[in-house]
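Structure, as structure tokens:
The values are calculated or read from the model by the stated rules, or taken from the named source; none is laboratory data. As the structure is a computational prediction, the values presented were derived from the model and not from experiment. Here the Cβ positions follow ideal geometry from the backbone for every residue, glycine too, while neighbour counts run over all protein chains shown. Keep in mind that these areas ignore ligands, DNA and RNA; they rest on the heavy atoms of the full protein, side chains included. Shrake-Rupley method; radii C 1.70, N 1.55, O 1.52, S 1.80 Å.
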Amino acid sequence: MDVRVVFGIVLSFLVSAVAGRLLIPALRALKAGQSIKEIGPTWHMSKQGTPTMGGLMFILSMAVVLVVLGWKDLMSGRLGGLYTYLFALVFGAIGFLDDYMKVKKKENTGLTAGPKFLLQLAAAVVFTILMRNEGYLTADLYIPFVNVTFQLPWVVYMVFAAFVMVGTVNAVNITDGIDGLSSSVTVPVALFFTITASLWGHFDVSLIAGALVGGLLGFLIYNFHPAKVFMGDTGSLFMGGMVCGLAFALDMPLILILVGIVYIAETLSDIIQVTYFKLTHGKRIFRMAPLHHHFEMGGWSEVKLVVVFTSVTVLFCLLAYLGVMNRYPL
């Protein structure tokens with residue numbers, strides 16, 4: 001791994017940690033507190049008013065790393081990391097608008113589903129076209145483990161890419177439901193992309209992935225239970241954009257099935273619960289959805305949930321590496 005990537009992880013951690021010391025009091029002063037849904041677990045009501053939009057901490061730290069350590073590569077035209085960051089930043093901006101509306105209205109409803117979906121879809125389409133034109137992305141669908149690719153018609157690939165991107169971003173957002181969960185789960189995912197990008201010679205992508213690792217670790221100082229700040233949709237949508245953006249920047253979107261196993265399980269539990277509830281006129285499969293609330297209702301502490309879900313992600317990231325290790329033999 002390039003030593004600059006290691007420095008990037010450390011720098012991002014430090015900037016994020018310092019930013020938290022300044023941002024949290026500012027958010028409190030602005031009364032930018034989280035509104036808790038009444039339909040959620042009753043014990044979460046004590047978190048009402050906890051500052052939100054804390055995702056600005058790692059968004060800022062990653063920008064610093066990109067400029068300070070990636071400037072030389074940016075000037076030489078290696079822009080994959082920058083494009084991935086900007087793609088995620090668009091989602092972060094959508095999340096920021098959503099958070100702002102929630103804070104302003106003092107309730108847990110921001111942007112309506114329609115405009116939010118259209119904005120996310122537009123970002124996905126633009127990013128896909130841009131990465132294709134820059135040579136980072138092909139219409140060849142890489143299949144892990146069997147080490148083969150299937151070429152798809154570009155239009156079909158575009159539809160597939162848009163579906164995966166929007167789905168991934170919102171799955172990460174759903175996972176952000178208890179203290180430290182989505183950020184802890186995403187650290188090994190980002191580390192997986194940092195290592196694979198570095199081994200395959202994509203320094204620009206490796207640097208921004210490493211910056212995500214460091215930024216999230218700095219954020220976790222304040223977000224781990226009991227959380228002093230939440231990332232808000234600002235952070236969760238940005239983070240989701242980074243996760244899927246990195247997968248596409250490395251031209252291996254199907255790897256999201258493995259590294260994103262927790263995101264997928266959380267989202268499927270929500271879909272299954274709603275569908276079953278409607279079909280059976282009020283019956284439920286899970287105690288409460290998404291999945292982390294089901295385990296909470298079963299007596300699991302937030303810390304236990306974070307440790308178990310993160311451990312599962314680590315195992316699946318190791319499995320994912322075994323699946324792609326022969327793509328570019330070292």
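General remarks:
- Those helices (runs of 4 or more DSSP H) of region 218-298 in which 1 or more residues are open to solvent by 30 Å² or more (accessible area, probe 1.4 Å), touching a residue at least 60 places away in the same chain (Cβ under 8 Å) and touching a strand residue (DSSP E or B) at 6+ places or on another chain (Cβ under 8 Å) are absent.
- Residue in region 152-164 that is surrounded by 17 or more Cβ atoms within 10 Å (Cβ to Cβ) and closer than 27 Å to Met288 by Cα present: yes
- None of Ser182, Ser206 is closer than 25 Å to Tyr321 by Cβ, open to solvent by less than 10 Å² (accessible area, probe 1.4 Å) and without any contact (Cβ under 8 Å) to a residue 60 or more places away in the chain except Ser182.
- The C-beta contact set for region 314-326 (first residue in a helix (DSSP H, G or I), second residue open to solvent by 70 Å² or more (accessible area, probe 1.4 Å), distance under 7 angstrom, 6+ apart or interchain) comprises Gly323/Phe145.
- Of all residues in region 256-286, those that are under 24 Å from the mean Cα position of the chain (by Cα) and more than 21 Å from Gly298 (Cβ to Cβ) total 5.
- Residue, modelled with the highest pLDDT, within region 18-37, restricted to residues that are more than 24 Å from Val205 (Cβ to Cβ) and of a type in the set (Gly, Ala, Ser): Gly20
- Scanning region 1-23 for residues that are surrounded by fewer than 18 Cβ atoms within 10 Å (Cβ to Cβ) and either under 22 Å from the mean Cα position of the chain (by Cα) or within 17 Å of Ile208 (Cβ to Cβ) (or both) gives Met1, Asp2, Val3, Val6, Phe7, Val10, Leu14, Val18.
- Selection of region 299-309 for residues being buried (at least 19 other Cβ atoms within 10 Å of the Cβ) and either free of Cβ contacts under 8 Å to residues at least 60 places away in the same chain or in contact with a helix residue (DSSP H, G or I) (Cβ under 7 Å, 6 or more places away or on another chain) (or both) yields Leu305, Val306, Phe309.
Conditions (1) at pLDDT below 90; (2) under 30 Å from Leu30 (Cβ atoms); (3) touching a Leu at 6+ places or on another chain (Cβ under 9 Å); (4) polar (S, T, N, Q), marked per residue:
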site	(1), (2), (3), (4)
Lys106	yes, yes, no, no
Thr109	yes, yes, no, yes
Phe145	no, no, yes, no
Val164	no, no, yes, no
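- Among the residues making up region 149-165, those that are in a helix (DSSP H, G or I) and aromatic (Phe, Trp, Tyr) are Trp154, Tyr157, Phe160, Phe163.
- Reported count of residues in region 67-95, each being open to solvent by 60 Å² or more (accessible area, probe 1.4 Å) and touching a residue at least 12 places away in the same chain (Cβ under 8 Å), is 4.
- Applying the condition of being part of a loop (DSSP other than H, G, I, E, B) and modelled with pLDDT of 60 or more to region 38-52 and asking which residue is surrounded by the fewest Cβ atoms within 10 Å (Cβ to Cβ) yields Gln48.
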